[in-house]
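Notes for the one structure printed next.
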Amino acid sequence: MKLTLVKTSLVAALLASSANLYAADNGLIAIITPSHDNPFFKAEADGAMAKAKELGYTTLVASHDDDVNKQNQLIETAIARKAKAIILDNAGADATVGPLEKAKAAGVPTFLIDREINKTGVAVAQIVSNNYQGAQLGAEKFAKLLNGKGKYVELLGRQSDTNAHVRSQGYHDILDDYPDMKMVAQQTANWSQTEAFTRMESILQTQPDIVGVISGNDTMALGAEAALKAAGKTNVIVVGFDGSDYVRDSIIAKSNIKATVLQPGWEQAQMAVVQADFFLKNGKPQLQEKQLMDCVLIDDSNANQLKTFKLAK
């Protein structure tokens, strides 16, 4: 009886192993994002990888660190390894078009998340946050927190990134309607926490009486907050954009950062993989190429529901 039980268990284990191998035999999906030092991009990669494995794909996860040359090498690698699809948060709206055209010609479909490129018909899907809508949410909250008056600073993202320009435009289409609010400095910190800290330190030397900072992303907001704290400016209000857990903690702790705008990075990445799977199985896109996902304002009313760039349901 015991021998029969052991044999039965071994057969079951072998069958389970065979099923897993079969389930994971759908091919390779390459997942390429900016640096995972930024928690938003790490969440994208983790979300895409989890969904790809769930759907039976193996994954190649890599970061281009916002270096176009490195990105192009990674796309070349994906093509050489005969990836079934590429999930990409790109390194440049213009510079990425050529490499994606090469991937398309090689029969490797691409699915973009977070950042658009300046051409349609190259990627199968471009799934991005509604950055303009989100920026307006953040600007409205920022103006309310400042009671519609005072000097403020804007920290911009990377100049080559379309999102940086769209968010800034969304901010100003709201804030410029407040005559008693004056922007006294506008500088790029390239989405970097370290650069934002340095920029903020410098700005405070010439503009010590600012009352607010509106930032193109949460990473720069955290850098600004650190510089403000170092300067003893605990009453200067900061608003970010992304919806990171670190900013959530600042909001809950009633620190300088009072609000952010959640863009659903985890959900976008998983949607891209689902759509890649559909395309590979059906030979046609599941939805139209350009897809916008609305953003959500995060403040002290809902910050405790935020985790890994998604709100608890």
Output the 0 to 90 degree angle, nearest 10, between the alpha-carbon long axis of helix 131-145 and the longest principal axis computed from the alpha carbons of the chain.
40 degrees
Rough spin-label spacing in nm, given labels placed 7 Å along Cα→Cβ, for LYS53 and THR198:
3.7 nm
Looking only at region 155-188, which residues have a backbone nitrogen under 12 Å from a spot 7 Å from the Cα of THR206 in the C-beta direction?
184-187
Quick one: what are the phi-derived ³J(HN,Hα) couplings along region 291-305, Karplus 6.51/-1.76/1.60 with θ = phi - 60°, whole Hz, x for glycine and proline?
10, 9, 10, 5, 9, 10, 6, 10, 9, 5, 7, 9, 4, 5, 9
Within the chain, the percent of DSSP beta bridges that are antiparallel, given to the nearest 5, stands at 10 percent
The chain, dipole about Cα centre (Lys/Arg Cβ +1, Asp/Glu Cβ -1), debye to the nearest 20
980 debye
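May I ask for the equivalent-ellipsoid semi-axes of region 131-262, computed as the square root of five times each C-alpha gyration tensor eigenvalue and listed largest first in whole Å?
Equivalent ellipsoid semi-axes, largest first: 18, 17, 15 Å.
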Percent of accessible area on the chain owned by carbon and sulfur, 1.4 Å probe?
53 percent
Kirkwood Rh, region 189-261, all Cα pairs: how many Å?
11.6 Å
For ASP177, what is the net charge nearby, where nearby means another residue's Cβ is under 15 Å from its Cβ and Lys, Arg count +1, Asp, Glu -1?
0
Subtracting the Cα-Cα distance of ASP67 and SER35 from 0.36 nm times their residue separation yields 10.5 nm
Using 1/(1 + (r/R0)^6) with R0 = 25 angstrom and r between the beta carbons of ASP25 and LYS284, what's the FRET efficiency to the nearest 0.05?
0.65
Sticking with the crude label model, points 7 Å out along Cα→Cβ, report the distance from GLU101 to LEU145 in nm, one decimal please.
4.3 nm
Between the modelled labels at ASN235 and THR77 (7 Å from Cα along Cα→Cβ) the distance in nm is 5.2 nm
Would you mind working out the accessible area per residue for region 131-262, using a 1.4 Å probe, and quoting it in Å²?
41 Å²
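The values are calculated or read from the model by the stated rules, or taken from the named source; none is laboratory data. Everything numeric in this text was worked out from a predicted model, so none of it was measured. Neighbour counts are summed over all protein chains in view; Cβ atoms, including those assigned to glycine, are modelled from backbone coordinates with ideal geometry. Surface accessibility is based on the protein's heavy atoms, side chains included, excluding ligands, DNA and RNA. Shrake-Rupley method; radii C 1.70, N 1.55, O 1.52, S 1.80 Å.
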